[in-house]
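Asker: One structure follows; several queries about it will come next.
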Amino acid sequence: QAKVVESGGGMVQPGGSLNLSCVLYDGIFVAYTMGWYRQTPGKQRDLVAKIGTSDQTNYADSVKGRFTISRDNSKSTLYLFMNNLQPEDTAVYYCNRPNSPLRDWGQGTQVTVSS
């Protein structure tokens, strides 16, 4: 059963940066669009960035210009570099395949932006 493991979260001050990673195990990575989502308590999980099989990228307006999504197919790993983080970016971040979602979500990685 394919699964993802996210890592790289933490606590940073406003204006800081973090680089998240997501590794896909026992699944096909190269053939799928991959995406990063985030969720805060009581709200739905939102897609914030996605990257296609030809490295085409799309971002939510709220993160455009600050976040960069990338992938390393040789390592089945997805990345999210987050720059100029703001308190409203505080959330649990998850990865999945937007067009063919994995049944099971990972545990996510917590990002907290606070002074």
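Asker: Could you tell me whether any residue of the stretch 27-40 is out of contact with any strand residue (DSSP E or B) (no Cβ under 8 Å at 6 or more places or on another chain) and closer than 14 Å to residue 83 by Cα?
Answerer: no
Asker: Now, a different point. Limited to the stretch 29-67, what total is found for residues that are acidic (Asp, Glu) and at pLDDT below 95? Steps first, please.
Answerer: Start the filter on the stretch 29-67 by keeping residues that are acidic (Asp, Glu), which leaves 46, 55, 61.
With at pLDDT below 95 added as a condition, the list becomes none.
Residues meeting the conditions: 0.
Asker: A follow-up question, please. Take the residues of the stretch 13-27 that are over 17 Å from residue 108 (Cβ atoms) and modelled with pLDDT of 95 or more: which is least open to solvent (accessible area, probe 1.4 Å)? Steps first, please.
Answerer: So the first thing to find is which residues in the stretch 13-27 are over 17 Å from residue 108 (Cβ atoms), and the list is 13-17, 26-27.
So of that shortlist, the ones also modelled with pLDDT of 95 or more come out as 13-17.
Working: 13: 125, 14: 60, 15: 42, 16: 19, 17: 53 Å².
The qualifying residue least open to solvent (accessible area, probe 1.4 Å) is 16.
Asker: What's the number of the condition residue 30 fails, among (1) closer than 11 Å to residue 106 by Cβ; (2) surrounded by fewer than 18 Cβ atoms within 10 Å (Cβ to Cβ); (3) not charged (D, E, K, R)?
Answerer: That leaves (1) as the condition not met.
Asker: Taking into account only those residues within the stretch 96-113 that are open to solvent by less than 50 Å² (accessible area, probe 1.4 Å) and in a loop (DSSP other than H, G, I, E, B), which is nearest to residue 41 (Cα to Cα)? Before you say what the answer is, go through the steps one by one.
Answerer: If we filter the stretch 96-113 for residues that are open to solvent by less than 50 Å² (accessible area, probe 1.4 Å), which is where we start, we get 96-98, 100, 102, 106, 108-109, 111-113.
If we keep only those that are in a loop (DSSP other than H, G, I, E, B) too, we end up with 97-98, 100, 102, 106, 108.
Values: 97: 22, 98: 21, 100: 25, 102: 22, 106: 17, 108: 13 Å.
Looking at residues that are open to solvent by less than 50 Å² (accessible area, probe 1.4 Å) and in a loop (DSSP other than H, G, I, E, B), I get 108.
Asker: Next question, about the same structure. Just to be sure I understand, how many residues within the stretch 1-12 are open to solvent by less than 40 Å² (accessible area, probe 1.4 Å) and within 19 Å of residue 83 (Cα to Cα)?
Answerer: From the stretch 1-12, those open to solvent by less than 40 Å² (accessible area, probe 1.4 Å) are 2, 4, 6, 8-10, 12; that's our starting set.
Next cut, within 19 Å of residue 83 (Cα to Cα) only: 6, 8-10, 12.
Looking only at that region, the number is 5.
Asker: What single numbered condition from (1) surrounded by 19 or more Cβ atoms within 10 Å (Cβ to Cβ); (2) in a loop (DSSP other than H, G, I, E, B); (3) of a type in the set (Phe, Trp, Tyr) fails to hold for residue 93?
Answerer: Tallying (1) surrounded by 19 or more Cβ atoms within 10 Å (Cβ to Cβ); (2) in a loop (DSSP other than H, G, I, E, B); (3) of a type in the set (Phe, Trp, Tyr), residue 93 fails exactly one: (2).
Asker: Can you tell me which residues in the stretch 38-65 are open to solvent by 30 Å² or more (accessible area, probe 1.4 Å) and not in a loop (DSSP other than H, G, I, E, B)?
Answerer: Correct list: 38, 39, 46, 47, 50, 57, 58, 59.
Asker: Still on this structure: Restricted to the stretch 1-30, and to residues that are touching a helix residue (DSSP H, G or I) at 6+ places or on another chain (Cβ under 9 Å), of a type outside the set (Phe, Trp, Tyr) and in a loop (DSSP other than H, G, I, E, B), which residue is nearest to residue 113 (Cα to Cα)?
Answerer: Top of the filtered list is 14.
Asker: Can you tell me which of 70, 74 is at pLDDT 95 or above, open to solvent by less than 70 Å² (accessible area, probe 1.4 Å) and more than 16 Å from residue 105 (Cβ to Cβ)? Spell out the reasoning first.
Answerer: Details: 74 fails: open to solvent by less than 70 Å² (accessible area, probe 1.4 Å).
When all the criteria are applied, what remains is 70.
Asker: For the stretch 50-66, give me each residue that is of a type in the set (Gly, Ala, Ser) and within 15 Å of residue 97 (Cβ to Cβ).
Answerer: Step one: filter the stretch 50-66 for residues of a type in the set (Gly, Ala, Ser), giving 52, 54, 60, 62, 65.
Residue satisfying the conditions is 52 alone.
Asker: Looking only at residues in the stretch 1-38 that are within 11 Å of the chain's Cα centre (by Cα) and of a type in the set (S, T, N, Q), which one is nearest to residue 65 (Cα to Cα)?
Answerer: Once the filter is applied, the top-ranked residue is 19.
The values are calculated or read from the model by the stated rules, or taken from the named source; none is laboratory data. None of the values given here were measured: they were computed from a predicted structure. Here Cβ is always computed from backbone atoms with ideal geometry, including for glycine, and neighbour counts include all displayed protein chains. For accessibility, only protein heavy atoms count, side chains too; no ligands or nucleic acids. Shrake-Rupley method; radii C 1.70, N 1.55, O 1.52, S 1.80 Å.
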